[in-house]
Amino acid sequence: MHKTLENSSSRLEKIRKELHQYPEVSEQEYETAKRITRYLTTHCKGEVHAIANTGVLVSFESKKPGPTVLLRADTDALPILEVNEFTHKSLVNGVSHKCGHDGHTTIMLGVAELLSSQPPIQGTVLLLFQPAEENGMGAEAVLKTDFFRDLHIDFVFALHNLPGFKKNTIVLKENTFNANVKSMIIQLTGKTAHAAEPEKGVNPALAIADILQFSEKITNNHPDQDDFFLITPVHMTMGEIAYGISAGDGELHLTIRSWDLSLFKEKCALLERYIAMTCQKFGLKHTISWTQEFYANQNDNEAVDVIRKGALKNLFDIHEMQHPFKWGEDFGLFTQRFKGAMFGLGAGEDTPALHNPDYDFPDDITATGIQQFFQIIQEINRT
Ligand SMILES: [Zn+2]
Ligand SMILES: [Zn+2]
């Protein structure tokens, strides 16, 4: 292990647990940004900038011409109640770091420390602490800033910790890394009536049932197939809890994902047509709106190769994925614009899954994440 890393590992574990105790949801990462900035200005060199409201960026310039490399960590937590009882448990009721972004942030702080003692030999390294990954707003907000508008970047990289994989394994995937994801909100308006006379109103229940069944019919939940397409009902409401009233309105929320963008668009349009037809059949008015859009992250294979070479040099275990992951990630917006790749960092076979209430980022994978990012910079500056 690098000497700097040995010296800073207990400090990094401390900040990781502090971030865990004070989680903030997407677009509210004000205190998190302050903690990151404080850490960077106390323990690191490099120029620190505030970006996109609650984001932080630190740049390390070598003063020699060379490639610009951006490494990205996400910083937000989730509206999930933590069930863990350990001493660093979340102090914010109903909010906790259940995706390990506290760990991703800590890894990037570790990279900043390493770059402070061993600066890049050429070009520029930018470390981005990006807010609002979970609601899909952060990458877009950052990329819209003046700082990024005209910025030339040669490579972008990000990692995500992965429960279910052996700790400290580097997980690689060429081409598509994860799914296209977006969510649909369907609002149905009919007419209330006396519960004894539902025939005098327009109740949305059967239309909702119909739409759900059609959703299931066009779903192909086989991630090993190119035409993987998954619709998951996430929320619905209808009428009131009033036993004398037949419901007159309803709302249905679906989350939709696939690997292939054209298939995704085609099937979403099919679903929209089916909903319109069903609503017409039942005499309902309807509106459809879309939210939380994530584009599939397309890994550049040269960038994947840089990660692979770095992992081999560090003697880390490598797992090559055959199929993409089913979750969305707004890093997809970065790889749409810049050459780059996302990779996984094994978080332990027995670690609870991401977004589960008992999940906690394992601190014993932090050093691997730091060294892997650092080695990526070395590999790029060597070529
Ligand atoms: Zn997440
Ligand atoms: Zn995440």
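Every read-out reported here was derived from the displayed coordinates using simple, explicitly stated rules and does not represent laboratory data. Fair warning: this is a prediction, and the values are worked out from it, not measured in the lab. Cβ atoms come from the backbone with ideal geometry, glycine included; neighbour counts cover every protein chain shown.
May I ask which residue of His286, His235, His323 lies farthest towards the positive end of the charge dipole of the chain, with charges of +1 (Lys, Arg) and -1 (Asp, Glu) on Cβ and the Cα centre as origin?
Of the options given, the answer is His323.
When a footprinting reagent is the concern and you count Cβ atoms within 10 Å, what order do His194, His253 take, fewest first?
Values: His194 11, His253 15.
Result, fewest neighbours first: His194, His253.
How many percent of all Cα-Cα pairs in the range 180-294 sit more than 18 Å apart?
On the way: 3312 of 6555 pairs.
Value for the range 180-294 (Cα pairs over 18 Å): 51 percent.
About its Cα centre, how strong a charge dipole does the range 180-294 have in debye, to the nearest 20, once Lys and Arg get +1 and Asp and Glu get -1 at the Cβ?
Around 280 debye, computed over the range 180-294.
Among Glu85, Glu18, Glu27, which one shows the biggest mean-square fluctuation in a GNM of the chain, springs joining Cα atoms closer than 10 Å?
Glu85
Counting other Cβ atoms within 10 Å of each Cβ, which GluC sites (Glu not before Pro) in the range 289-383 have at most 16 and sit in a DSSP loop? Walk me through the numbers on the way to the answer.
Working: sites: Glu293, Glu302, Glu320, Glu329, Glu349, Glu379; in loops: Glu329, Glu349.
Counting only loop positions with at most 16 other Cβ atoms within 10 Å, the GluC sites (Glu not before Pro) in the range 289-383 are Glu349.
Per residue of the range 323-335, in order, report the coupling 6.51 cos²θ - 1.76 cosθ + 1.60 (Karplus, θ = phi - 60°) as ³J(HN,Hα) in whole Hz, putting x for Gly and Pro.
Running phi through 6.51 cos²θ - 1.76 cosθ + 1.60 with θ = phi - 60° gives 10, x, 7, 7, 8, x, 7, 6, 5, x, 5, 5, 6 Hz.
So how far, in whole Å, is the C-alpha centre of the range 226-273 from the one of the range 63-83?
32
Where the only charges are on Cβ atoms (+1 Lys, Arg; -1 Asp, Glu), what is the dipole of the range 164-234 about its Cα centre, to the nearest 20 debye? Kindly include the intermediate steps, with their values, before the conclusion.
Values: 7 positive and 8 negative charges, 75 e Å.
In debye, rounded to 20, the range 164-234 gives about 360.
Determine ³J(HN,Hα), in whole Hz, for all residues of the range 252-260 in sequence, where each value follows from phi through the Karplus function 6.51 cos²θ - 1.76 cosθ + 1.60 and θ = phi - 60°; x replaces Gly and Pro.
10, 10, 10, 10, 10, 9, 7, 7, 9
If you place +1 on the Cβ of every Lys and Arg, -1 on the Cβ of every Asp and Glu, and leave all else neutral, what size is the dipole of the chain about its Cα centre, to the nearest 20 Debye? Don't jump to the answer; show the numbers that get you there.
On the way: 36 positive and 50 negative charges, 146 e Å.
In debye, rounded to 20, the chain gives about 700.
Picking from Gln292, Gln118, Gln336, which is most flexible by a Gaussian network model of the chain using Cα springs under 10 Å?
With Cα springs under 10 Å in the chain, the top fluctuation among Gln292, Gln118, Gln336 is at Gln118.
Sort Arg16, Arg11 so the one with the fewest other Cβ atoms within 10 Å of its own Cβ comes first. Working shown, then result.
Details: Arg16 26, Arg11 16.
Ascending number of Cβ neighbours within 10 Å: Arg11, Arg16.
In sequence order, what are the phi-derived ³J(HN,Hα) couplings for the range 193-209 according to the Karplus relation 6.51 cos²θ - 1.76 cosθ + 1.60 with θ = phi - 60°, rounded to whole Hz, with x for glycine and proline?
Computed from phi, the couplings for the range 193-209 are 8, 5, 4, 7, 10, x, 5, 8, x, 10, 8, x, 4, 5, 5, 4, 4 Hz.
As I understand it, the dipole of the chain uses +1 on the Cβ of Lys and Arg and -1 on the Cβ of Asp and Glu, about the Cα centre. Which of Thr106, Ser62, Ala303 lies farthest toward its positive end?
The residue sitting most towards the positive pole is Ser62.
What is the Å³ per residue value for the convex hull set by the Cα atoms of the chain?
Values: hull volume 56.0 nm³, N = 383.
Dividing the Cα hull volume of the chain by its residue count gives 146 Å³.
Which of the pairs Lys182/Lys281; Lys89/Lys173; Lys167/Lys313; Lys14/Lys34; Lys217/Lys267 have their Cα atoms more than 22 Å apart in this structure? Could the numbers behind the result be given before it?
Details: Lys182/Lys281 27 Å; Lys89/Lys173 33 Å; Lys167/Lys313 18 Å; Lys14/Lys34 16 Å; Lys217/Lys267 11 Å.
Among Lys182/Lys281; Lys89/Lys173; Lys167/Lys313; Lys14/Lys34; Lys217/Lys267, the Cα-Cα distance tops 22 Å for Lys182/Lys281; Lys89/Lys173.
In deg cm²/dmol, rounded to 500, what helix-only [θ] at 222 nm does the chain give when every DSSP H run of at least 4 residues adds -39500 (n - 2.57) and the total is split over its residues? All intermediate terms of the calculation are to be shown ahead of the outcome.
Details: 10 runs with 132 residues, N = 383.
When only DSSP H runs of four or more count, the value is -11000 deg cm²/dmol.
Using amide H atoms built in the peptide plane, which far-off residues or other-chain residues are under 5 Å from Val25 H to H?
Ala77
Any chance you could tell me what percent of the C-alpha pair distances in the range 30-69 go past 15 Å? All intermediate terms of the calculation are to be shown ahead of the outcome.
Details: 356 of 780 pairs.
Here the tail beyond 15 Å accounts for 46 percent of pairs.
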